[in-house]
Amino acid sequence: MDTLIILIKVLVSAYAALLVLAYFYQDGLIFLPQQLSGLELQAIASRHAQAEQVHLPADDGVTLHGWFLGAGGTQASRAPLLVYYGGNAEEVSWLLDEAGRFAGYSLLLMNYRGYGGSSGKPGESVLYADALRVFDYAASRADVDARRIVIMGRSLGTAMAVRVAARRAVRAVLLVSPYDSMVELGRRHHAYLPVSLLLRHRFDASADAPKAKAPLQVLVASRDSIVPLEHSRRLAGAWGGPHSWREIADADHIDITSSPAYWKAIAEFLAQMRGT
């Protein structure tokens, strides 16, 4: 009996320690900032001389950094715009190399705070505020048609894109591997933890979704092991406006962008939104 009591105490202590670790180190599981050195930023600027570097100050002294690329590589007047909110381990400058896939659209690619050349540290409330700030900056530009701004969010960026769509007038929304909430994802992947009690960054996209009325295109990977399709369906089902669903066959969460079908779906949706 004494041995059993000791074993129970050890297990309880171990589980308590696990809870403490999960609480204090959760940021390292949710946010995986990919930073750029000064030399790397210079190299990107040199390779994409037509892209304007954007430095956007936040209220707390943080400066967000990214790029604006006019439609067709020029500072096109009053062009439609795509604003991109990336994944949790994504540095967004790679999309400058893919600008041709967004034909007819200017691009605004801003890194989250702590990512790329942006200063600061990521967190739920500040990323929400930054997402709205980025959109408002985009809508204020003289070379952007504010009535034709499409919001695109990938994975973690789901919550930022949905928050913007619920609070601003956007033309349309593209979501790649979207989720309902970080709490629900956490419960699926860590069923042994009281996720709802521990999680500080809840990113509840499903709460904002009913307030978003713009047309939505959902792109999902058929073999997504990080955001299982059930979570994407819940988010789409909560959407307050019309939505469509495209499943990319033989793709997973990470390699969905390698599929020609992925880019074809994006191009078709953007062309439809540009022409209406």
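The values are calculated or read from the model by the stated rules, or taken from the named source; none is laboratory data. Predicted model only: the values in this text are computed from it and were never measured. Every residue, glycine among them, receives a Cβ derived from its backbone with ideal geometry; neighbour counts consider all protein chains shown.
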Residue check, Y137 over 23 Å from T257 (Cβ atoms), within 12 Å of the chain's Cα centre (by Cα) and not charged (D, E, K, R): no
Which members of the stretch 217-244 meet the condition of being in contact with a Lys or Arg (Cβ under 8 Å, 6 or more places away or on another chain) and closer than 17 Å to L174 by Cα? Q217, V218, L219, V220, H231, G240, G241
Would you confirm, using the coordinates I've provided, whether A161 is among the hydrophobic types (A, V, I, L, M, F, W, C) and surrounded by fewer than 24 Cβ atoms within 10 Å (Cβ to Cβ)? no
What tally of residues in the stretch 118-158 results from selecting those that are assigned to a loop (DSSP other than H, G, I, E, B) and in contact with a His (Cβ under 6 Å, 6 or more places away or on another chain)? 1
Name the residues in the stretch 222-271 that are in contact (Cβ under 8 Å) with a residue 40 or more places away in the chain, farther than 23 Å from R163 by Cβ and either among the small types (G, A, S) or in contact with a Leu (Cβ under 8 Å, 6 or more places away or on another chain) (or both), would you? Y262, A265, A267, A271
For the stretch 185-214, which residues satisfy the criterion of being touching a residue at least 40 places away in the same chain (Cβ under 8 Å) and crowded, with 20+ Cβ neighbours inside 10 Å? L199, F203, A205, D208, A209, A212, A214
Verdict on A161 being part of a helix (DSSP H, G or I), under 20 Å from P80 (Cα atoms) and free of Cβ contacts under 8 Å to residues at least 60 places away in the same chain: no
With respect to V150, is the statement that it is at pLDDT 95 or above, of a type in the set (V, I, T) and farther than 22 Å from W239 by Cα true? no
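One line per residue, one yes/no per condition, for (1) under 26 Å from G157 (Cβ atoms); (2) within 22 Å of the chain's Cα centre (by Cα); (3) modelled with pLDDT under 90; (4) of a type in the set (S, T, Y):
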| position | (1), (2), (3), (4) |
| --- | --- |
| G28 | yes, yes, no, no |
| F31 | yes, yes, no, no |
| Q35 | yes, yes, no, no |
| P57 | yes, yes, no, no |
| L69 | yes, yes, no, no |
| G73 | yes, no, yes, no |
| S77 | no, no, yes, yes |
Being touching a residue at least 60 places away in the same chain (Cβ under 8 Å), crowded, with 23+ Cβ neighbours inside 10 Å and not hydrophobic (A, V, I, L, M, F, W, C) is the filter here; which residues of the stretch 164-184 pass it? S177
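Out of the residues in the stretch 122-140 meeting the condition of being touching a residue at least 24 places away in the same chain (Cβ under 8 Å) and not hydrophobic (A, V, I, L, M, F, W, C), tell me which one is surrounded by the most Cβ atoms within 10 Å (Cβ to Cβ).
Filtering the stretch 122-140 for residues that are touching a residue at least 24 places away in the same chain (Cβ under 8 Å) and not hydrophobic (A, V, I, L, M, F, W, C), the one surrounded by the most Cβ atoms within 10 Å (Cβ to Cβ) comes out as D130.
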Can you confirm whether D143 is surrounded by fewer than 21 Cβ atoms within 10 Å (Cβ to Cβ), without any contact (Cβ under 8 Å) to a residue 60 or more places away in the chain and either of a type outside the set (A, V, I, L, M, F, W, C) or in contact with a helix residue (DSSP H, G or I) (Cβ under 7 Å, 6 or more places away or on another chain) (or both)? no
List the helices (runs of 4 or more DSSP H) that sit entirely inside the stretch 1-109 and contain at least 3 residues that are free of Cβ contacts under 8 Å to residues at least 24 places away in the same chain and farther than 27 Å from P122 by Cα. 2-24
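Rundown of residues vs (1) at pLDDT 95 or above; (2) more than 23 Å from L108 (Cβ to Cβ), yes/no style:
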{"residue": "R168", "(1), (2)": "yes, no"}
{"residue": "P194", "(1), (2)": "no, yes"}
{"residue": "R202", "(1), (2)": "yes, yes"}
{"residue": "A205", "(1), (2)": "yes, no"}
{"residue": "D208", "(1), (2)": "yes, no"}
{"residue": "H253", "(1), (2)": "yes, yes"}
